[in-house]
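Structure, as structure tokens:
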Amino acid sequence: MLNRHENKLLQIGEIARKAGVTVRTVRYYLEEGFIEAAGRSPGGFYLFTPDAADTVFFVQKLKDAGLALKDIKSIYLARRNGRTGHEASREVMKHLERQKAAIEQKIADYQALKAEMEDAIDLVAQCEGCSLEPSRNNCVTCSKITCRKKIPLAVKAIL
């Protein structure tokens, strides 16, 4: 994402642009302790190392994946609060393993939802060419629906 050889300090707007987020998001991550300013410009603007954009980008990706900011923050705090690298790594690994398990569960949930949607699409596709008015009475008595062992939830919801 970023040129790691860049040594220039960046202002909040540049961090936001490089990370693909808003300036408000960068300020929030600064307030929450995900990033730290390397200093201030003569005009009083916060200045950051280019690595701050990597951090903001990564935090945002985790957030976009559905992780709560409090959980993401716990990973960062575990590293910062460790007295030794060994201690910090063990705590960070615990947090990462928990987050990995949560992501795996979400993937399984999405796969089940996808299968449910595929069943619904298959059933609704069979309605093509139907000349009856789409109503609960007409649809629940339709042989295309009554012959099924299980009616997809997406179809049940609209019947």
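The values are calculated or read from the model by the stated rules, or taken from the named source; none is laboratory data. Bear in mind that the values here come from a model prediction, so they are computed numbers and not experimental data. Every residue, glycine among them, receives a Cβ derived from its backbone with ideal geometry; neighbour counts consider all protein chains shown.
Take the conditions closer than 30 Å to Arg27 by Cα, free of Cβ contacts under 8 Å to residues at least 40 places away in the same chain and among the basic types (Lys, Arg) and apply them to Arg148. Does it pass?
On the way: closer than 30 Å to Arg27 by Cα: no; free of Cβ contacts under 8 Å to residues at least 40 places away in the same chain: yes; among the basic types (Lys, Arg): yes.
So Arg148 does not fit the description; no.
Run down Arg83, Arg27, Arg79 and say which single residue is in the same structural domain as Gln99 (by TED's automatic domain parsing), more than 28 Å from Glu104 (Cα to Cα) and either not in a helix (DSSP H, G or I) or not polar (S, T, N, Q) (or both).
On the way: Arg27 fails: in the same structural domain as Gln99 (by TED's automatic domain parsing); Arg79 fails: more than 28 Å from Glu104 (Cα to Cα).
Result of the check over Arg83, Arg27, Arg79: Arg83.
Please enumerate the residues belonging to segment 121-149 that are in a helix (DSSP H, G or I) and in contact with a Lys or Arg (Cβ under 9 Å, 6 or more places away or on another chain).
Initially, segment 121-149 is screened for residues in a helix (DSSP H, G or I), giving 121-125, 136-140, 143-146.
Result: Leu123, single match.
With respect to the numbered conditions (1) in a helix (DSSP H, G or I); (2) within 30 Å of Thr25 (Cβ to Cβ), which one is the sole condition not fulfilled by Leu67?
Against the list (1) in a helix (DSSP H, G or I); (2) within 30 Å of Thr25 (Cβ to Cβ), Leu67 comes up short only on (1).
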